[in-house]
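One structure below.
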């Protein structure tokens with residue numbers, strides 16, 4: 001069962017810790033994201049955050065964009081959820 005929280009009309013800035021990837025040589029990084037939604041489930045809280053990104057335009061330019069990502073709070077033994085596109 002999923003129950004919605006009291007979501008605000010405006011997204012809230014939050015700090016997201018991106019995991020390490022030893023294969024690619026990436027160390028743990030922090031990014032400021034926007035909290036769009038949170039839900040409480042039987043197993044705990046899940047969050048939909050928007051990470052800043054950029055995308056190529058057809059005319060060769062670049063524009064700001066946002067990448068939606070579903071994640072759980074950081075705890076021992078807890079992993080992250082697969083990406084959620086917005």
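The values are calculated or read from the model by the stated rules, or taken from the named source; none is laboratory data. Since this is a predicted model, take the numbers as computed values, not measurements. Cβ coordinates were reconstructed from backbone atoms using ideal geometry, including for glycine residues, and neighbour counts include every protein chain displayed.
Restricting attention to the stretch 46-86, the residues that are modelled with pLDDT under 90, more than 12 Å from the chain's Cα centre (by Cα) and outside any loop (DSSP other than H, G, I, E, B) total 0.
Looking at residue 11, is it loosely packed, with under 10 Cβ neighbours inside 10 Å and at pLDDT below 85? Here the answer is no, as residue 11 does not meet what is asked. Of the residues making up the stretch 15-28, just one is exposed (fewer than 11 other Cβ atoms within 10 Å of the Cβ) and touching a residue at least 12 places away in the same chain (Cβ under 8 Å), namely 15. Based on what the data block shows, is residue 20 modelled with pLDDT under 90 and more than 17 Å from the chain's Cα centre (by Cα)? When the stated conditions are applied, residue 20 does not pass them.
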